[in-house]
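Please read the structure below before turning to the comments.
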Amino acid sequence: MRFKNALSKLNLMIYISIFSLVIWDLNCYSQTKPTLLFKHITLEDGLSDPAIRALHIDKNGFLWIGTENGLNRFDGTNCYTYKNKNNTKNFPGNYITNIIEDSAGDLIIGSQSNLVKYNRQLDSFSSYSFTKNPNLSDNYYSFPFYIDQQKDLWVYLAGNIYKYRNKDKTTQYVTTYSNGYQFVPIPFYQKLNWFISRGVKGIYINKADDIKEKNVQEFFMNSSSKALNSHVEAVHIESDSSLWLGTDNGLVHLNPKTKNHQVFSDCKTSKNISVTAVAKYPKQPWLLIGTRNNGLLLFNLISKKFFAEYSHESDNSLSLSGNYIRRIYIDQKQNLFIGIDGHGLDYTNLNKVIFTRFLEKSNNAYIGFDNDVVAMLKLKNNQLWCGTKNGGLLIYQSDLRKPIKHEFAKMGISKLVEINEGNVLVELADGHFFLYDNKIDAFFPLSLKFSEKQNGKVQINQILKINNDLFAATEYGVAKLFINKNELSFVMDKGFNNSITWPNIQRIIA
């Protein structure tokens, strides 16, 4: 089972197909804040250490997690820790610095102790050997960061940056201007003309013609101004004239060509944020900003303002597990991974989010509902049904101008399922069910009946239509649903439910 299958288990309350609607002119709507719902990988799941330093999804869909105490591989169900049982030098050191993948699908893993390659086919590790230069001790810090058009490796080794030639297994010196962490502006397998290195304070912009160093620029290292003398934890390279730096003093926008900069350090909950991670939000003019104590922020690149904040909520298991973010990683399928210091790894998918502020405020006032959308359904007739947390059900035509109906006012909507011929099954937040009859345009209450006697109210986690049948995931297992007149019957699947150890089914994957 791959990681993409595990993500599909996240109980998101919304169908991804609905979001094709967001192609409309966004200028007609207020600033949207996506509601991100996270799952968590912790020590209890087999993670070797809760301090995440490196993340990588390989071409087979496995998630590799480098921590301060070991290397882990997550397959979507189990977290496996690689342990150096024989104390061999071919094994990566405990403190993992970075993980990259070559064209053969093998991993190159840097650590505070050595540099190793993981052979996927053999499931084995081998250490890099340097016969001449550099002269390294048995334990040395390494940070692999790029593979160029010649398939040669660029790597930081014990104080200097080198190019490692795969053909003859030799290293060529590039520069000493680095403190062991690099950022590159282009994808792998191209000619690398420049890159950014982190210093003890500030950054270096290294320009080179292959291994020949041409120019080094320093920024934010020795200034008398505190705002300009800062540790840089993260860099997002927008272009050669636009860098976004995560620093102790906030988010800094730097133009290296003009040397102009701007500092953004104020958010709703703090006047002086410390930024630890920066990543581009896919398909939006936003940045994902990790902070030291203020959780995750969203920054609008157009308005140049923070507009959304996410933090740990003790009563919400789908919130962030902590507020000190170490790493942000987004893969090609828009899976978002966040390393939380002391807690492990949180993850979600940015294609599957809930936009809780979908309409203009003027529309909210007109219809008088709370604008917290928790369930959405697009019918075959192009109507859009929006179920809210406390404000009932809003039904729109495809133009979304104004609701044509407002049902169940001041009540919460839990589930919306289109059955057939435009008929819709509606579950309220209090557990009551209604059937919408499209022919007569009316809602009818449904009584519930279970094939097996249950104690108290039954928790229904999901209702899903598969072909022409309805199925439910419940705390007692899987049930098939039948609607007869004004009754909704749940027929439990005894064979399947008796075959599993824990029958509390959260989600059915069709």
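No value in this document is a laboratory result; all are computed from the given coordinates. Keep in mind that this is a model prediction, so the values were computed, not measured. Neighbour counts are summed over all protein chains in view; Cβ atoms, including those assigned to glycine, are modelled from backbone coordinates with ideal geometry.
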What are the ³J(HN,Hα) couplings of the range 232-248, residue after residue, when phi is run through the Karplus curve with 6.51, -1.76, 1.60 and θ = phi - 60°? Round to Hz, x for glycine and proline.
9, 8, 8, 9, 10, 9, 7, 6, 6, 10, 8, 10, 10, 10, x, 10, 4
For the range 163-185 and the range 406-457, write down the distance between their C-alpha centroids in whole Å.
63 Å
Would you tally the net charge around residue 124, using a Cβ to Cβ cut-off of less than 15 Å, leaving residue 124 out, and scoring K and R as +1, D and E as -1?
+4
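Counting Lys and Arg as +1 and Asp and Glu as -1, each charge on the Cβ, what is the dipole of the range 361-499 about the Cα centre in debye, to the nearest 20?
140 debye
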The range 361-499: relative contact order from alpha carbon pairs under 8 Å, six or more residues apart, as a whole percent, is 13 percent
Between the alpha-carbon centers of the range 289-331 and the range 111-129, tell me the distance in whole angstrom.
34 Å
Report, in listed order, any pair from 283/304; 305/402; 151/212; 163/257; 453/480; 378/480 with a Cα-Cα distance greater than 25 Å.
305/402; 163/257
For the range 156-253, which trypsin sites (Lys or Arg not before Pro) are both in a DSSP coil and crowded by at most 11 other Cβ atoms within 10 Å?
167, 191
At 37 °C and a viscosity of 0.692 mPa s, what translational diffusion coefficient does Stokes-Einstein give for the range 133-208, taking Rh as the Kirkwood radius over Cα pairs? Give it in µm²/s as a whole number.
260 µm²/s
Mind checking the full-extension length gain between residue 102 and residue 266? Use 0.36 nm per residue of separation minus the Cα-Cα distance, one decimal, nm.
55.0 nm
Mind checking the full-extension length gain between residue 238 and residue 501? Use 0.36 nm per residue of separation minus the Cα-Cα distance, one decimal, nm.
89.7 nm
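Treat every Asp and Glu Cβ in the chain as -1 and every Lys and Arg Cβ as +1, leave all other atoms uncharged, and give the resulting dipole magnitude about the Cα centre to the nearest 20 debye.
Value, rounded to 20: 640 debye.
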